[in-house]
Amino acid sequence: MSRATRPSREPQSGFTLLEVLVALALLAAAMAALGSLASAGRRANRAEIERVELAQVARRLVNELTERNFTGGSTGAADGYAWRIDVEPMVAVAPPSEQSSPLDAFRKPLTAGQQATWVPYRVNLRVTGPTGVSAEIVTVRLGKAAL
């Protein structure tokens, strides 16, 4: 009598359904992480471009507005950027007489009838961009003295 034998099952190559689902889940998680990184990169790039444009507008405004040789405050808008500038002459504070500065040897006092032709002015410029981002520049510029 012959005994019935099962046909031998050889392992077949390929992936099980569970392995495929795990691989797809890992791929989806990696794609989501890459997408959020790309989005953050675009936002950072946009913010940097706006910051550079803001600095360029501020530099141009400082150059244009200080050429006018005025003191006091002024406001305006240019290219969608709102600005406020304050210009005031800097006051020199003389050191107390008992203290001496290393620069004393190079200072020449003005004689009677002489006036300084150039005066340092403190320039404070605040620029606000179209999206509300703002920057403030404080600098010193030389200007003609008011005679």
Between Leu21 and Arg42, what is 0.36 nm times their sequence separation minus the Cα-Cα distance? Round to one decimal in nm.
4.4 nm
HN-Hα J in Hz across the range 21-38 - Karplus 6.51, -1.76, 1.60, θ = phi - 60°, x for Gly and Pro
5, 5, 4, 5, 5, 5, 5, 5, 5, 5, 5, 5, 5, 5, x, 5, 5, 5
For Arg126 and Ala28, calculate 0.36 nm times their separation in residues minus their Cα-Cα distance, and state this gained length in nm to one decimal.
30.7 nm
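Bear in mind that the values in this text are calculations on the coordinates, not laboratory data. Values in this document were obtained by computation on a predicted structure and should not be read as measured data.
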